[in-house]
Each structure stands twice: as structure tokens, then as C-alpha cells.
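Trainee: Input: one structure, supplied below.
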Amino acid sequence: MATATETAPVSRPQIRRTQLLIDGRWCDSVSGETFATYHPATEEKIADVAQANAEDVDRAVKAARRAFDEGPWHDMDARDRGALMLKLADLIEQNAEELAALETLDNGKPISDAKAADVPLVIDCLRYYAGWADKIKGDTVPIRGNYFCYTRREPLGVVGQIIPWNFPALMVAWKWGPALAAGCTIVMKPAEQTPLSCLRMADLALEAGIPPGVINVVPGYGETGAALVAHPDVDKIAFTGSTEVGQIIMRDAAQTLKRVTLELGGKSPNVVFADCDMDAAVAGAEFGLFFNQGQCCCAGSRVFVEDSIHQEFVERLVDRAKGRQLGDPFSPATGQGPQVDKDQFEKIMNYIERGKEAGADCKTGGGRWGEKGFFVEPTVFDNVSDDMDIATDEIFGPVMSVLPFSEFDEVVERSNKTLYGLAAAVWTRDVAKAHRLAAQVKAGTVWVNCYDVFDAAAPFGGFKMSGIGRELGEASLSNYTELKTVTMSLD
């Protein structure tokens, strides 16, 4: 039986920080300009946030450079860096309720998701990388002649990090974790739609004792990010967001030959064979698309279902979609919140209309929910063809396309018929079949009989236009280090 505290709406959090963080100090932007951030469930303004321009970015980069070249971060023992990261994780855990509420307020995601998924994963990620801080090492290399040769892994330097709005706090952790463990310093631009949790986490980083200049935060729009990419004293850009913006960043970063990692879009195939566990596959397809309001780069938006179970699968999927509870994201009973803002809402509604006009069968949803807020009904399209816009484009919303198939080779070919290659899934009781598809599908992550399973130790990233490099795991550390070879004569 649920208790009163489990069913009562969660209180909205206090807004503690809305300024820039540069060199350990909170400050207004040089211009004094601000921008508003809104609660997407009600469309009301939450707060005005300082808007960084190129001059502010320059101040932040200089602070990060001093902290890297001259400050205590440069000389700090790796184990001590790890201890500070553990302290930050502890502080986030102590303030978990507040951080979850900030995510819900600024992003609109259900408070139950923020508390059960987002914030625990933030804590786990920081603790995971804290453990790596004193374990980044080189190798001894046997070479010809009388020489001693070894390699060193050294921190890359000042890194610019640009994060999206769909998982604001978690994306902070994914970026800060490996960068801090490697010994880099950071200038971060959070998404303009959702800056509040990043600012609060930066506040906790100062409280944890991370030295001034190691973490700097410069909220703003695209121009702020562009200034960070263009700055000659930034050694690397790490970006998570759309493929279109990723292409711009890669082009602009080429002017200074910055290191670049990009975690971009997806149009992930979710393949359901007739020999699957039907209950698990239906639940997995629902979760794989509708979680986080469909605002996931790896969302299973193309659900390929084998012909013989297609009708039953769609019927059961539609029933589950109809049962999703939309409403106040601060209510623990809510399973689906609003889209992040008006632009995203209108983009999704446009794609729904295009799907209908193209002849796809809208089995449920397809409209706006409620009279205020940016809510979209959970939408399932059946009998979608591969060339329809809803099957080719990343919609980033609660819009699922179901596509029937007949043969294994056919579904592999159709799954790979996309510009993207971020993730995929397969549902089958046949272990050999699962491994065959996992080997043949062009995707950076393949889930078998599950979906959206993430762990800080498991690398995540994409093939093709889904990005460059990997987040998480040991693999991410190479993004924040330079490999140096040292050879000494023994004569």
C-alpha cells in the first residue's frame, strides 16, 4: 500500500544559482544580459539566468587554463583528485531530492524518473570515475636497440563541454567524470532550456573543495557554444546533441585542430522476432521509446516486428500506450511529462501530421494532451514504410513507428538503412540469432532482451552520423588524455 509521501506531489525546489561560475566565483555576465528558463508543464517562467557571451567565455577559458597550468589541479595527486570527486558524489547524494526536483522543474520529466534513474546514475558515474583517477597509466614498450621506451597518459588540458537538455544532470556527470579523473579543467555550457541542475552541481563542486577554475559554467545560447568551440586555448570539445549541430562544431573546431568527441542523434531499430517473450518485448518496446517523453538519442523509434506476431504485438503495445498516465510531473503517479519546450512540441506535432499524410496508420495518440504545457499523447503508428519521414528522421518525442518484416537478412538490411548508428535492440529466445544480429547491425550499443540499460562502466557512442568517440567506461578516458612516448638510451 502506497504511503502518503509516495503519492503526494513533490515540492518545487529553491533556485539557488542563476549566475555564471568563473574561477570559483559566481558573477553576472559582462553584458548583464539574462535569459528565462521555463517549466514546460505550465509554461511559467522559473528564473532569469545570466547569459554568457564571447568575453565571458574568454574569462572562463583563461581561468581553466590557469587552473590547469599553474593551479593546484596541476600539482594535485591523482588519488586526491579522486577523493574530491567522491566528496562531490556524496554531496549530490545528500542533496538528491533537491537535484531531482530541479530536473523535473526545468526539464519536465516525471519526478519518479528523476529520483529513481537520473540522480542515482549521476552519483554512480562520478564515483566510478573517481576510482579511475589514480589508475590512468602508460606502458613499457619493447623496441629494437639498447633503449628503454615507455608511454605516459597525460591530461589533455582545457576542455569545452556542451551538453543537451534531455538529461541535464546526468550529462554533466558523463562529461565531468572522465575529464576530472584525467586531470583536465572544464568550461561547460549547459543547454539554454535546462541550466539549473548544472549550476547547482557546480555549487556543490565548490563545496566539495574542487579548486577555483577547475569547473566553470557559462550558460547561454548557440553563440556561447560557438565562442567556446572557436577559442584557441580550448584543447578539446565534447558535445552531446543533434547531428546537425555536431557537424557545425566539427567544422568550426577544425580551424584550431581541437580534439572533438560527438555523441549525436539516432533512429534506433528495435527488432522483435516471433520467438520472443511477448510480455517482455512489448514492455521493452514501450519503455524503449516512451521513456523520458521519447527525448532520448537512443530511443527505439523504429520497432520491427516479425509478421506472424505483428497484429497481436501492435494491439498489446497500443493498450500499454493508452495506459500511460500524463500529468503534473511533480506527482509520483505521473508516467509521462511534457516535452521540454514549445519548439520541441511543435516539431513533434509536425512529424505526427506528416506521418498521417504519408498514409501511416495512427493506432493511438497523435494529438496534444491538456490545455497548457507541452504534452504530446503517446503515439503509435503502424504499417510504416522505411521511406516515410517518421521512419527516417529523429523526432525526439513520443512517436513510435511499427514496421513488419519477414526474414532475418531483410530486417538486418532495413535496420542499417539509416544515416544513424547509435543503438539497437533484439528480442528473441534464440541466443545464436541474437548474437548474429548484434554482430551485423551497425550500432554502437546493442541490447538483447532489454532496452536502455546503462552503466558507467559500459562505453556508449555511435557509428556513422551518430557521433565520434565514446562516453562512459575506460574508453572515455582516452578522450581526455594525450599519449606521450618517451625513449631513453641505455648506452
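Trainee: Taking segment 98-115 as the region of interest, how many residues are of a type in the set (Ser, Thr, Tyr) and open to solvent by less than 10 Å² (accessible area, probe 1.4 Å)?
Mentor: 1
Trainee: Name the single residue, out of those in segment 184-228 being of a type in the set (D, E, K, R) and out of contact with any Gly (no Cβ under 9 Å at 6 or more places or on another chain), that is surrounded by the most Cβ atoms within 10 Å (Cβ to Cβ).
Mentor: If we take residues in segment 184-228 being of a type in the set (D, E, K, R) and out of contact with any Gly (no Cβ under 9 Å at 6 or more places or on another chain), then Arg200 is surrounded by the most Cβ atoms within 10 Å (Cβ to Cβ).
Trainee: Please list, ordered by first then second residue, the pairs with beta carbon atoms under 6 Å, 6 or more apart or interchain, first in segment 103-126 and over 15 Å from Leu196 (Cα atoms) and basic (Lys, Arg), second modelled with pLDDT of 95 or more and part of a helix (DSSP H, G or I).
Mentor: As it stands, the answer is Lys115/Ala100, since those pairs meet every condition given.
Trainee: For segment 448-469, which positions are open to solvent by less than 70 Å² (accessible area, probe 1.4 Å) and free of Cβ contacts under 8 Å to residues at least 40 places away in the same chain?
Mentor: Val448, Ala458, Pro459
Trainee: Would you kindly identify the helices (runs of 4 or more DSSP H) lying entirely within segment 195-285 that contain at least 2 residues that are at positive phi and in contact with a strand residue (DSSP E or B) (Cβ under 8 Å, 6 or more places away or on another chain)?
Mentor: none
Trainee: Also, quick follow-up: If you go through segment 335-375 one residue at a time, how many are under 21 Å from Val10 (Cα atoms) and either crowded, with 22+ Cβ neighbours inside 10 Å or aromatic (Phe, Trp, Tyr) (or both)?
Mentor: 8
Trainee: Also, quick follow-up: Residue check: is Pro329 in contact with a Lys or Arg (Cβ under 7 Å, 6 or more places away or on another chain) and part of a loop (DSSP other than H, G, I, E, B)?
Mentor: Yes: the conditions hold for Pro329.
Trainee: Return the total of residues in segment 261-292 being aliphatic (A, V, I, L, M), surrounded by fewer than 22 Cβ atoms within 10 Å (Cβ to Cβ) and either in contact with a Gly (Cβ under 9 Å, 6 or more places away or on another chain) or in contact (Cβ under 8 Å) with a residue 60 or more places away in the chain (or both).
Mentor: Matching residues across segment 261-292 total 1.
Trainee: Still on this model: I'm trying to understand the selection: among the residues of segment 357-368, which are free of Cβ contacts under 8 Å to residues at least 40 places away in the same chain and closer than 16 Å to Ser301 by Cα?
Mentor: Within segment 357-368, Asp361, Cys362, Gly366 qualify.
Trainee: Among the residues of segment 106-143 satisfying the criterion of being part of a helix (DSSP H, G or I) and hydroxyl-bearing (Ser, Thr, Tyr), which is farthest from Ala182 (Cα to Cα)?
Mentor: Ser112
Trainee: Sticking with this structure for a sec: Name every residue in segment 470-491 that is in a helix (DSSP H, G or I) and open to solvent by less than 80 Å² (accessible area, probe 1.4 Å), in order of residue number.
Mentor: If the condition is that a residue be in a helix (DSSP H, G or I) and open to solvent by less than 80 Å² (accessible area, probe 1.4 Å), then Gly473, Ala475, Ser476, Leu477, Ser478, Asn479, Tyr480 are the ones that fit.
Trainee: Here is a further query. How many residues are within 19 Å of the chain's Cα centre (by Cα) and of a type in the set (D, E, K, R) when one looks only at segment 239-288?
Mentor: Total meeting the criteria: 3.
Per-residue answers, yes or no, for (1) closer than 20 Å to Cys297 by Cα; (2) of a type in the set (Phe, Trp, Tyr); (3) out of contact with any strand residue (DSSP E or B) (no Cβ under 8 Å at 6 or more places or on another chain):
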residue	(1), (2), (3)
Gly323	no, no, yes
Gly337	yes, no, no
Val340	yes, no, yes
Glu353	no, no, yes
Gly370	no, no, no
Met388	yes, no, no
Val399	yes, no, no
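The values are calculated or read from the model by the stated rules, or taken from the named source; none is laboratory data. Source: prediction; values computed, not measured. So basically every Cβ, Gly included, is an ideal-geometry build from the backbone, and we count neighbours across all protein chains shown. These accessible areas exclude ligands, DNA and RNA; they are computed on the full protein's heavy atoms, side chains included. Shrake-Rupley method; radii C 1.70, N 1.55, O 1.52, S 1.80 Å.
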